[in-house]
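Report on one structure; see the data block that follows.
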Amino acid sequence: MKPRGLTVIDRIGQRVGKLVVIERVANKVEGSVKRACWLCKCDCGNKIIVSSHSLSKALKGKGGTRSCGCLTKIKPVKHGLCESKIYRTWATMIQRCTNPNNTAYHSYGGRGITVCKRWLDFSNFYEDMGNRPPSKTLDRINNSLGYSKENCRWATRKEQGNNRRTNLVITFNGKKKTSSQWADYTGLSAACIRRRLSRGWSVEKTLTTPNTRNKSI
C-alpha cells in the first residue's frame, strides 16, 4: 500500500516548547502514513528533526516533542501535568504569543507581547505560578508588557475585565477607575455611567447624581 498524501502546514518560525522550527526536511513514512518533518533548534542549542504529527501533539498538550530531549535529561518530568488545566494555560500562552497561525496571535504576539525566556519551559512557569486557583485565570498586570513572573497574577474574570485595554477609564477626585469599578463604588450601573457621559454629563455629575428612576438614566 502506498503512503497517503499529506497537507503540510508551514511551521517555520513556530515555537513548540523549547523548540523553534527552522526549516522543512524530507518526509518520513510510518506504515501507510507519510509525515512531514521539520528541523528544529532547541533553546539549549541542539537541533532535532521532528514530524508535524509530533509537533501538533505537543501544541495540544497531548505528549509529542517539546525539546531535543534536554528537558528529560536535565530535569525529569515528574509533575504529570500534561493533561492538566495549568499545562493548557501555559500552552495557550505560548501559542498566542509565538504562533502566527493561532487565532489570537494578532492580539498578543502580533502586537509585541512576548513570553519571558524562563517561561518557555513549562517547569519554570509552574514553579513560579503554581496551580491555577479555582475561578481564576492568568492575567498580565500591565497589558502593554509580556508574560513574566513580575507582570502576571491569577485573577478573576471581573478583575481581568477591569484590566482590558479597551476599558473606559474615568478619573475623579484623583482616583482612576474603569466604569465597572466606579459602578461598584457608586452603586450605579456601568451602563448608566457610560450613558450619562455619552450625553455630555460631566464626570462629577455622572458619578454623584443618584439614580432615582427604575431604569438607568
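The values are calculated or read from the model by the stated rules, or taken from the named source; none is laboratory data. It should be emphasised that the depicted structure is a prediction, and the values quoted were computed from it without experimental measurement. Glycine also receives a Cβ, built like all others from the backbone with ideal geometry; neighbour counts cover every protein chain displayed.
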Q.
Here are the criteria: (1) in a loop (DSSP other than H, G, I, E, B); (2) modelled with pLDDT of 85 or more; (3) under 24 Å from CYS44 (Cβ atoms). Tell me which single one SER67 does not satisfy.
A. (2)
Q: Could you please find all residues in the stretch 13-68 being small (Gly, Ala, Ser), under 26 Å from the mean Cα position of the chain (by Cα) and surrounded by 14 or more Cβ atoms within 10 Å (Cβ to Cβ)?
A: GLY17, SER51, SER52, SER54, SER56, ALA58, GLY61, GLY64, SER67
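Please verify whether the stretch 24-40 includes one or more residues that are of a type in the set (A, V, I, L, M), in contact with a Phe, Trp or Tyr (Cβ under 9 Å, 6 or more places away or on another chain) and at pLDDT 90 or above.
Let us first name the residues in the stretch 24-40 that are of a type in the set (A, V, I, L, M), namely 25-26, 29, 33, 36, 39.
Narrowing further to those that are in contact with a Phe, Trp or Tyr (Cβ under 9 Å, 6 or more places away or on another chain): 25.
Those left that are additionally at pLDDT 90 or above: 25.
Scanning the stretch 24-40, I find at least one residue that is of a type in the set (A, V, I, L, M), in contact with a Phe, Trp or Tyr (Cβ under 9 Å, 6 or more places away or on another chain) and at pLDDT 90 or above, so the answer is yes.
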(Q) Can you pull out every residue in the stretch 143-156 that is more than 17 Å from SER107 (Cβ to Cβ) and at pLDDT below 90? (A) ALA155, THR156
Q: Exactly one condition in (1) crowded, with 16+ Cβ neighbours inside 10 Å; (2) in contact with a Ser or Thr (Cβ under 9 Å, 6 or more places away or on another chain) is not met by TYR87; state its number.
A: (2)
**Q.** Tabulated pairs, the stretch 129-145, first more than 21 Å from GLY112 (Cβ to Cβ) and surrounded by 15 or more Cβ atoms within 10 Å (Cβ to Cβ), second among the hydrophobic types (A, V, I, L, M, F, W, C) and at pLDDT below 90, C-beta under 9 angstrom, 6+ apart or interchain
**A.** MET129/ILE86; ARG132/ILE86; THR137/ALA155
Q. Is it the case that some residue within the stretch 114-132 is modelled with pLDDT of 90 or more, within 10 Å of the chain's Cα centre (by Cα) and not assigned by TED's automatic domain parsing to the domain that holds VAL8?
A. yes
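Filtering the stretch 187-205 down to residues that are polar (S, T, N, Q) and more than 33 Å from the chain's Cα centre (by Cα), which residue is modelled with the highest pLDDT? Lay out the reasoning, then the answer.
Of all residues in the stretch 187-205, those polar (S, T, N, Q) come to 189, 198, 202.
From what is left, the residues that are more than 33 Å from the chain's Cα centre (by Cα) are 198, 202.
Details: SER198: 78, SER202: 86.
Applying the filter and picking the extreme gives SER202.
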